[in-house]
1. Which percentage, to the nearest 5, of the DSSP beta bridges contained in region 134-223 is antiparallel?
2. Can you bin every Cα-Cα distance in the chain into 20 Å intervals starting at zero and give me the percent of pairs per bin, rounded to whole numbers?
3. Where does each of 340-346, 148-154 land if you order them by average Cβ count within 10 Å, highest first?
4. Once you put a point 7 Å from the Cα of A125 and another 7 Å from the Cα of S440, both along the Cβ direction, what distance in nm separates them?
5. Please give the FRET efficiency for R90 paired with D363, using the beta carbon to beta carbon distance and R0 = 35 Å, rounded to the nearest 0.05.
6. With a 1.4 Å probe and every protein chain left in place, work out the accessible area per residue of region 92-189 in Å², rounded to a whole number.
7. Using a 1.4 Å probe over the heavy atoms of the protein chains, calculate the carbon and sulfur portion of the accessible area of the chain as a whole percent.
8. Tally Lys/Arg at +1 and Asp/Glu at -1 over every other residue whose Cβ is under 14 Å from the Cβ of R25; what's the total?
Amino acid sequence: MSPRRVVIVGHGMAGARLAEEIRRRDPDRDRVLVTVLGEERHRAYNRVLLSSVIGGSMTPQTIRLPEAAEVDLRLDTKVISIDPAGRCVRTAESTVDYDVLVLATGSRSWVPPTEGLVTEDGELAPGAVAFRTLDDCERILERARPGTPVAVLGGGLLGLEAARGMAGRGCLVTVVHPVGHLMDRQLDPAAGRVLARTLESLGIEVRLGVLAARYLPGDGLKLDDGSLVAAELVVVSAGVKPETGLASAAGLTVDRGVVVDDSLRTNDPRVYAIGDCAQHPGTVSGLVQPAWEQAAVLADLVTGTNPAARYRGTPVVTRLKARDIDLAALGDVHAEVDSADAEVLCLQDPARGRYAKLVLRDDRVAGAIVIGVPEAAATITQLYDRGGPAPSDRLSLLLGRSLPAAAHSPADLPASAVVCRCNTVSKGQLVAAWRRGAHSPAELAENTRATTGCGSCRDTVRGIADWLAAAEPPSRGVRA
Ligand SMILES: Cc1cc2nc3c(=O)[nH]c(=O)nc-3n(C[C@H](O)[C@H](O)[C@H](O)COP(=O)(O)OP(=O)(O)OC[C@H]3O[C@@H](n4cnc5c(N)ncnc54)[C@H](O)[C@@H]3O)c2cc1C
């Protein structure tokens with residue numbers, strides 16, 4: 001039988017990973033031929049790390065993603081339409097036939113209706129830049145010189161990461177957010193206040209509950225309270241919208257995203273969708289962990305490696321990747337302290353930038369916000385992943401002291417504890433990789449992919465490698 005032709009639209013984090021996962025399962029192209037059509041001109045890169053490029057700790061070269069060999073990769077190639085009946089997609093230059101089509105078109109920046117922000121030809125006005133792609137990042141860095149006044153439109157996760165990065169470069173940054181508190185999707189108002197205070201202590205001005213009414217290129221943003229935020233550069237980071245245009249034009253079912261089932265299949269049995277553009281009932285879109293889990297499931301299906309593979313959703317944890325700020329949020333964070341159906345505990349220490357809120361249901365972690373207490377974030381996240389009962393001493397848990405100091409050693413982590421969230425790698429998988437001969441953090445990363453997503457697990461993986469080097473030195477050989 002001739003191999004199936006799988007065409008992937010989008011060479012972002014989901015599309016590039018799917019191509020790699022397919023080649024891992026079918027290295028000799030016996031079962032599947034892969035064509036990837038990507039609109040961006042760059043080779044695959046880790047979008048999650050763009051804020052580190054803005055912050056200066058990474059470069060466009062160091063955020064390159066591994067790419068599959070034996071793939072027909074066409075960069076700078078935008079798909080302009082899908083013909084489901086003819087089973088082909090069209091680009092400006094050609095038509096590409098498929099047996100299986102995968103939409104991995106991600107999302108695009110949402111631009112708020114601020115007067116003057118968009119020109120007549122639909123582009124952002126001069127001096128305004130979105131924050132989504134490597135090209136955006138390069139445009140931001142061209143202008144973000146020390147002393148440059150910058151306004152960041154949007155106080156969500158990405159806006160704050162960009163703000164912190166540019167403040168670290170010496171820009172004079174003001175964040176303008178229409179809601180009364182920062183990161184309102186992931187934080188409650190009290191946590192938002194603690195975060196705002198922390199940002200202000202780092203030299204970032206925060207303007208809350210105000211709309212940017214008008215953009216005046218060169219001057220800045222006129223707010224709806226009449227004030228002006230001076231800015232030579234405006235970074236637009238006000239939210240994202242799943243990129244669903246191709247799918248709706250082709251008659252596929254689209255709600256917020258392209259609607260898929262547990263096989264990642266759309267209402268057309270030959271068309272699948274993964275990543276930010278897909279809408280699966282169990283997924284909060286906009287994060288890389290679901291995208292990469294979906295890529296693995298779909299690779300199992302299209303190569304026939306595991307026809308029973310299904311994607312059932314991903315319990316996500318949001319982390320802010322900004323120097324000097326440690327923030328994690330997960331699950332239901334909006335339950336009130338006097339909630340009738342949940343036990344809610346909350347500790348606030350705004351002067352030291354600390355906040356910890358825990359929501360328990362049936363003695364299990366249902367949600368949490370932890371700012372400035374990394375030990376508590378680690379323990380609570382583990383409990384959340386495992387679904388295990390919370391210790392009776394809730395306060396110790398909130399303070400990160402529920403385990404004796406020695407128990408923070410990797411030895412005491414359960415094997416099932418997820419160490420790298422982006423790639424869903426557990427401690428047990430790292431130990432197994434060590435026993436197969438991966439004897440350094442770099443080899444563990446190569447073997448398991450741990451640390452290759454947002455990178456926030458790097459210290460933990462190094463700790464596990466150090467612990468294993470002492471407990472099972474490589475010279476002793478491989479243990480069963
Ligand atoms: C600055 C920043 C920081 C982030 N930080 C985190 C984080 O810490 N943790 C986390 O989990 N997530 C984070 N994210 C979100 C994460 O990057 C996305 O969830 C992830 O990239 C989704 O992968 P995707 O492939 O679905 O979409 P994308 O990576 O956006 O890729 C989609 C690709 O499809 C291409 N495309 C679109 N339409 C077409 C077309 N018609 N033809 C051809 N190509 C097309 C696009 O050009 C793009 O290259 C961050 C995002 C940004 C921008």
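1. On the way: 4 of 13 bridges.
So the antiparallel bridges in region 134-223 amount to around 30 percent.
2. Pairs per bin, as whole percents: 22, 54, 23, 0.
3. Working: 340-346: 14.0, 148-154: 24.7.
In descending order of packing, they fall as 148-154, 340-346.
4. Distance between label points: 5.3 nm.
5. Values: r = 56 Å, r/R0 = 1.59.
That pair, R90 with D363, gives E of 0.05.
6. Numbers: 3900 Å² over 98 residues.
Roughly 40 Å² per residue, with all protein chains present.
7. Details: 10450 of 21120 Å².
Roughly 49 percent, rounded to a whole number.
8. Working: positive: R4, R17, R23, R24, R29, R31; negative: E20, E21, D26, D28, D30, E70, D300.
Overall, the nearby charge balance is -1.
The values are calculated or read from the model by the stated rules, or taken from the named source; none is laboratory data. Everything numeric here is computed off the predicted structure, so don't read it as measured data. All Cβ positions, glycine included, derive from the backbone under ideal geometry; neighbour counts span all protein chains shown. What goes into the accessible areas is simple: the full protein's heavy atoms, side chains included, and nothing from ligands, DNA or RNA. Shrake-Rupley method; radii C 1.70, N 1.55, O 1.52, S 1.80 Å.
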